[in-house]
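Here the structure comes first, spelled out in structure tokens, and everything after it is commentary.
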Amino acid sequence: MEKKTTKLKRMLASPSLEFLMEAHNGLSAKIVEEAGFAGIWGSGLSISSALGVRDSNEASWTQVVEVVEFMSDATGIPILLDADTGYGNFNNVRRLVRKLEKLDVAGICIEDKLFPKSNSLLEGAPHPLVDPAEFVGKIKAAKDTQQDPDFCVVARTEALIAGRGLGEALYRASLYHDAGADGILVHSKASLPDQVLDFASEWKRPCPIIIVPTAYCTTPTSCFEEAGVAMVIWANHIMRAALRAMQEAAARIYREQSVAFVEEQIAPLKEVFRLQNMAELQRAEHTYMPPAGTCDDTLVQRLGVPS
Ligand code: SPV
Ligand code: MG
């Protein structure tokens, strides 16, 4: 069985456009895998939303790691964790990489903003950037810490999000590549793809480009492929799909004081049990548990436990 890290590394190196789909808990990770995606984006925004907090580092790094552990346990495809700024300085990044490797997470993406960060697509939020030299140190620290040579460290520049322009985005990305980044995520909040397409046409280095087409969502995927983009991240869409479905179901059940109508519209319980792989547990119970009614109850009698 190929390691998850190797799978992600191969996706980054693949000549065809690859896709990561967001997940935010064990169930959504499993759904992403079953849909056919080859990899998962452990989205900071979606994980925060699912936890009921803001994407402003309100969830601690250990809380994020706990979520990603469930995601990793539930799936066989690689997870690229959105690790925001790395939750501190180079030393926090080192500790994070050590923990994630133990959990079989395939890679991290760290961004060149300041802690605590704001979501890149949040209107009106300032997006102060970290000194590139400090960020280079974080990338080097991550690369020096990883034990598995295929663990991926993606460096994300927020230069375009911060309004610093293409020149600074390219400059920062070059520094991050020199520091050992396995890929460059260039993010843009423009509604047209021009910024990332310009970046891709100017980027001459043998280092894969990753994009997040949330704001420029109507651009046909073929444009990205032609521009030489290596990987597309669908960053928050199943969280948003679930959110809408939950709002609608909750509102209607509240209104009607009944769940009668809803049965046809929601997943049957059988589907919940299938995704949880209850069949495997039932087989295991058959193998490992004594048949009902054959328990030796002499211990109970000796302890004098009243029946
Ligand atoms: C995320 O999914 O948390 C991301 C992408 O970082 S964005 O929300 O567009 O910043
Ligand atoms: Mg994020």
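The values are calculated or read from the model by the stated rules, or taken from the named source; none is laboratory data. Only a predicted model underlies this, so the values are computations on that prediction, with no experimental measurement involved. Every residue, glycine as well, gets a Cβ built from its backbone with ideal geometry; the counts of neighbours run over all protein chains shown. Remember, those area values only see protein heavy atoms, side chains included, never the ligands or the DNA or RNA. Shrake-Rupley method; radii C 1.70, N 1.55, O 1.52, S 1.80 Å.
Brief remarks follow.
- Rounded to the nearest 20, the size of the Cβ-charge dipole of segment 150-307 about its Cα centre is 320 debye, with Lys and Arg at +1 and Asp and Glu at -1.
- 3J(HN,Hα) along segment 206-218: x, 9, x, 9, 10, 10, 10, x, 8, 6, 9, 6, 8 Hz, from the Karplus curve 6.51 cos²θ - 1.76 cosθ + 1.60 with θ = phi - 60°, whole Hz, x for Gly and Pro.
- Solvent-accessible area per residue in segment 103-257 equals 45 Å², computed with a 1.4 angstrom probe and all protein chains kept.
- For Gly86, residues with placed amide H under 5 Å, excluding near neighbours: Glu111
- Only Cα pairs under 8 Å and 6+ residues apart enter the sum, and on that basis the relative contact order of segment 57-142 stands at 32 percent.
- By a 1.4 Å probe calculation restricted to protein chains, Phe115 has an accessible surface near 110 Å², given to the nearest 10.
- Glu285 accessible area, 1.4 Å probe, all protein chains in place, Å² to nearest 10: 80 Å²
- Set Lys7/Lys189; Lys113/Lys138; Lys143/Lys189; Lys113/Lys204; Lys30/Lys102 screened for pairs whose C-alpha atoms are more than 18 Å apart: Lys7/Lys189; Lys143/Lys189; Lys113/Lys204; Lys30/Lys102
- Three principal axis extents of segment 1-158 based on alpha-carbon atoms, in descending order, are 41, 34, 30 Å.
- Annotation: amide H of Cys152 within the under-5 Å range of Gly107, Ile108, sequence separation 5 or more or interchain, hydrogens built in the peptide plane.
- If the segment from Phe115 to Ala245 were pulled out straight at 0.36 nm per residue, it would be longer than the present Cα-Cα gap by 43.5 nm.
- Asp178 versus Arg274: modelled label distance in nm, points set 7 Å from Cα along the beta carbon direction: 5.4 nm
- Chain lengthening between Val262 and Asp148 when straightened (0.36 nm per residue, less Cα-Cα): 36.3 nm
- Relative contact order (%) - criterion: Cα under 8 Å, at least six apart; region: segment 207-269: 31 percent
- With all protein chains in place and a 1.4 Å probe, the accessible surface of segment 252-297 carries 57 percent carbon and sulfur.
- 3J(HN,Hα) along segment 174-191, derived from phi through the Karplus expression 6.51 cos²θ - 1.76 cosθ + 1.60 where θ = phi - 60°, amounts to 5, 4, 5, 5, 4, 6, x, 4, 8, x, 10, 9, 10, 9, 9, 10, 6, 7 Hz, with x in place of Gly and Pro.
- Whole-percent carbon and sulfur share, accessible surface of segment 1-64, 1.4 Å: 58 percent
- Carbon/sulfur fraction of accessible area - segment 145-236, other protein chains in place, 1.4 Å, %: 52 percent
- Computed with a 1.4 Å probe on the full set of protein chains, the accessible area for Lys7 sits at about 50 Å².
- Around the Cα centre of segment 41-101, unit charges on the Cβ atoms of Lys, Arg, Asp and Glu (plus for the first two, minus for the last two) sum to a dipole of about 240 debye.
- Built amide H within the under 5 Å cut-off of Gly39, gap 5+: Met21
- Length, then width, then depth: along the principal axes, the Cα atoms of the chain run 79, 50, 35 Å.
- Relative contact order (%) - the chain, alpha-carbon pairs under 8 angstrom, separation at least six: 17 percent
- FRET efficiency for Leu281 and Tyr171, using Cβ-Cβ distance with R0 set to 35 Å, rounded to 0.05: 0.05
- Shown are His286, His127, His177, His237, whose ranking by accessible area with a 1.4 Å probe and every protein chain present, most to least, is His286, His237, His177, His127.
- The helix-based estimate of mean residue ellipticity at 222 nm for the chain, built from -39,500 (n - 2.57) per DSSP H run of four or more residues and divided by its residue count, is -13500 deg cm²/dmol to the nearest 500.
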